[in-house]
Amino acid sequence: MKSRGLFSRALLVLGLVFLYVPILSMVVFSFNNSRLVTVWDTANSPTLKWYGALVSNQQILGAAWLSIQIAVVAATGAVVLGTLAGVALVRFGAFRGRALLAGMTTAPLVMPEVITGLSLLLLFVACEQAIGWPKGGGAVTITLAHITFCMAYVTVVVQSRLVGFDESLEEAAMDLGARPATVFFRVTLPLIVPALVSGWLLAFTLSWDDLVISQFVAGPGSSTLPMVIFSKVRLGVSPDVNALATIMVLIVASGIVVSSFWMRYQNKRRERDMRLAESANL
């Protein structure tokens with residue numbers, strides 16, 4: 001048993017090293033004074049000049065701002081559509097077209113991104129020829145494409161939450177005279193908020209990180225941040241990209257820390273309310 005525990009810990013350490021050493025090396029090289037991202041300048045390092053260069057790099061900043069805008073809109077749209085699809089698949093029982101809806105909502109999960117991007121490109125071209133919208137590729141087509149594949153992930157998250165949902169709470173609200181719409185917005189929706197937040201964050205991350213699908217549906221002047229970084233990788237990465245990646249890592253890490261504290265506070269608050277309710281019943 002002891003040897004098994006040591007083996008498990010060794011595997012855990014190796015996994016953490018494999019995942020986080022490249023990120024740590026990138027953070028370290030963001031303070032490198034040399035223009036070569038793999039050669040450490042021992043004489044003049046560390047330095048913050050690449051963070052200053054990042055502030056004046058309008059190409060990267062513009063692409064980052066465009067990626068944030070697209071990710072926010074795509075994540076919000078994916079949450080709305082994914083929630084509706086998840087509720088329909090879980091609550092409406094067997095209806096005509098249910099298998100088709102389930103297959104269409106989960107297809108982007110297993111379909112290669114190249115196929116998804118090509119199919120969306122053909123769809124947008126056909127729509128432009130038929131109705132004149134959307135005209136060319138741009139932020140609109142990228143957003144629509146991201147909503148399409150992010151919706152599948154949100155649907156799975158919402159379905160998982162609704163499967164274990166206590167329906168007696170909804171039944172009690174309807175017994176008290178609440179209408180179905182009121183029950184959904186006043187009872188169901190607040191109780192599945194953690195799933196909605198998780199789905200939104202997942203969709204935001206997927207949209208922010210997407211490269212393949214964006215390459216198919218993007219047009220001139222609508223390059224997202226992954227597209228700009230990928231183009232720089234082919235021509236040689238500049239050190240200010242390391243500075244940008246370091247800032248992104250810090251933002252994500254801060255969000256994780258804040259969310260963990262918030263979840264811990266919510267759990268303690270829930271446990272306290274349950275103790276107060278039990279003491280009141282006694």
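For region 251-274, state whether one or more residues are in a helix (DSSP H, G or I) and surrounded by 14 or more Cβ atoms within 10 Å (Cβ to Cβ).
no
So Cys150 ticks every box in (1) under 20 Å from Phe92 (Cα atoms); (2) assigned to a helix (DSSP H, G or I); (3) not basic (Lys, Arg) but one. Which box is left unticked?
Here Cys150 clears every test but (1).
When region 4-19 is examined, which residues are found to be of a type in the set (Ser, Thr, Tyr) and modelled with pLDDT of 90 or more?
Within region 4-19, no residue meets the criteria.
Just one of (1) touching a residue at least 12 places away in the same chain (Cβ under 8 Å); (2) over 30 Å from Met104 (Cα atoms); (3) small (Gly, Ala, Ser) trips up Gly82, so point out which.
(2)
Please find, among Val212, Val249, the residue that is under 15 Å from the mean Cα position of the chain (by Cα) and touching a residue at least 12 places away in the same chain (Cβ under 8 Å).
Val249
Looking at region 30-68, which of its residues are under 11 Å from Asp240 (Cα atoms), exposed (fewer than 15 other Cβ atoms within 10 Å of the Cβ) and touching a Phe, Trp or Tyr at 6+ places or on another chain (Cβ under 8 Å)?
If the condition is that a residue be under 11 Å from Asp240 (Cα atoms), exposed (fewer than 15 other Cβ atoms within 10 Å of the Cβ) and touching a Phe, Trp or Tyr at 6+ places or on another chain (Cβ under 8 Å), then Leu48 is the only one that fits.
Can you find a residue that is under 28 Å from Ser231 (Cβ atoms), in contact with a helix residue (DSSP H, G or I) (Cβ under 6 Å, 6 or more places away or on another chain), buried (at least 17 other Cβ atoms within 10 Å of the Cβ) and among the β-branched types (Val, Ile, Thr) anywhere in region 73-84?
yes
Give just the number: which of (1) in contact with a helix residue (DSSP H, G or I) (Cβ under 8 Å, 6 or more places away or on another chain); (2) closer than 16 Å to Val73 by Cβ does Val140 not satisfy?
Result: Val140 fails condition (1) only.
Filter region 135-188 down to the residues that are of a type in the set (S, T, N, Q) and over 26 Å from the mean Cα position of the chain (by Cα) and list them by number.
Correct list: Ser168, Thr182.
On the given criteria, is Ser238 of a type in the set (S, T, N, Q) and touching a residue at least 60 places away in the same chain (Cβ under 8 Å)?
Yes: the conditions hold for Ser238.
Please find, among Arg96, Arg91, the residue that is within 23 Å of Gly164 (Cα to Cα) and among the charged types (D, E, K, R).
Testing whether each residue is within 23 Å of Gly164 (Cα to Cα) and among the charged types (D, E, K, R) leaves just Arg91.
Quick check on this structure: which one of Thr116, Thr106, Thr155 is within 23 Å of Pro220 (Cα to Cα) and either of a type outside the set (D, E, K, R) or in contact (Cβ under 8 Å) with a residue 12 or more places away in the chain (or both)?
Selected residue: Thr116, the only one of Thr116, Thr106, Thr155 that is within 23 Å of Pro220 (Cα to Cα) and either of a type outside the set (D, E, K, R) or in contact (Cβ under 8 Å) with a residue 12 or more places away in the chain (or both).
Could you list, in sequence order, all residues of region 32-82 that are under 30 Å from Val140 (Cβ atoms) and outside any helix (DSSP H, G or I)?
Those that are under 30 Å from Val140 (Cβ atoms) and outside any helix (DSSP H, G or I): Ser56, Asn57.
Within region 96-148, how many residues are exposed (fewer than 13 other Cβ atoms within 10 Å of the Cβ) and among the polar types (S, T, N, Q)?
The qualifying residues number 1.
The values are calculated or read from the model by the stated rules, or taken from the named source; none is laboratory data. These numbers were taken from a predicted model, which means no experiment stands behind them. Cβ coordinates were reconstructed from backbone atoms using ideal geometry, including for glycine residues, and neighbour counts include every protein chain displayed.
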